[in-house]
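Here is the structure we will look at, set down as structure tokens.
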Amino acid sequence: MKARGVRGGVMLSLASDDTLETVDEALEEHAELLVGTVVLEVADKVPFAVLAALAAKIEEAGGSVKDVRPPSAVMQARSETVIQARTLRSGGRVVSGGSLVVLGDVNAGAELVADGDVIVTGVLRGVAHAGANGNEAALIYADRILAPQLRIAGALAQGDPSAADLPGRRHEVALLQDGAIVVKPWSG
């Protein structure tokens, strides 16, 4: 078990080889760590008995377990770009903790949600939400944007049904300008 300070308390990192004995041994030397707020970082194969015993010791020492989470390296993987290597059909939904790339079209009735950017190499006819975690710098790019609804962070824009009739539109980007979503040609 390893300990490190975090904002407002301490983080205890448990490895899969930690046992009740090794945890007890580590805590005997550093019982003062358990007095405040404690975050537990848990590897994928830590026995529940070890977690339960550790939580009980934290409460006995006057502390409280604020959160139990996977290791930081695993949490960072969630923000990687998700690549959908095919057209997304109606009813399909793809969610990404990072950016999202669709290599093909996104048909009407499909939904894309990303904490980062949404990039579609074909025509976007489904709903797209970039910056779902509040990232106002996120954008939506598509070869052609014909979506019924676009969302960037907390802003919402309804699509223009007559836009499908406009000839020659290609490579478009939607982004936030002064709190409103603006769709304009991509100028690379």
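The values are calculated or read from the model by the stated rules, or taken from the named source; none is laboratory data. In this text the structure is predicted, and so the values were computed from the model without any measurement. Ideal geometry is used to build each Cβ from the backbone, glycine not excepted, and the neighbour counts take in all protein chains shown.
Selection of the range 68-88 for residues being modelled with pLDDT under 80 and within 13 Å of the chain's Cα centre (by Cα) yields VAL74, MET75, GLN76, ALA77, ARG78, SER79. Please enumerate the residues belonging to the range 109-151 that are over 19 Å from the mean Cα position of the chain (by Cα), touching a residue at least 24 places away in the same chain (Cβ under 8 Å), in a strand (DSSP E or B) and farther than 22 Å from ASP178 by Cα. Those that are over 19 Å from the mean Cα position of the chain (by Cα), touching a residue at least 24 places away in the same chain (Cβ under 8 Å), in a strand (DSSP E or B) and farther than 22 Å from ASP178 by Cα: GLY122, ASP143, ARG144. Within the range 14-53, which residues are under 13 Å from ALA3 (Cα atoms) and among the aliphatic types (A, V, I, L, M)? Those that are under 13 Å from ALA3 (Cα atoms) and among the aliphatic types (A, V, I, L, M): LEU14, ALA15, VAL23, ALA26, LEU27, ALA31, LEU33, LEU34, VAL38, VAL39, LEU40, VAL42. For the range 54-67, enumerate the residues that are farther than 10 Å from MET1 by Cβ and either part of a helix (DSSP H, G or I) or charged (D, E, K, R) (or both). ALA55, ALA56, LYS57, ILE58, GLU59, GLU60, LYS66, ASP67, listed by residue number.
Taken together, ALA52, ALA26, ALA15 contain a single residue that is over 30 Å from GLY126 (Cα atoms), of a type in the set (Gly, Ala, Ser), out of contact with any Leu (no Cβ under 7 Å at 6 or more places or on another chain) and surrounded by fewer than 14 Cβ atoms within 10 Å (Cβ to Cβ), which is ALA52.
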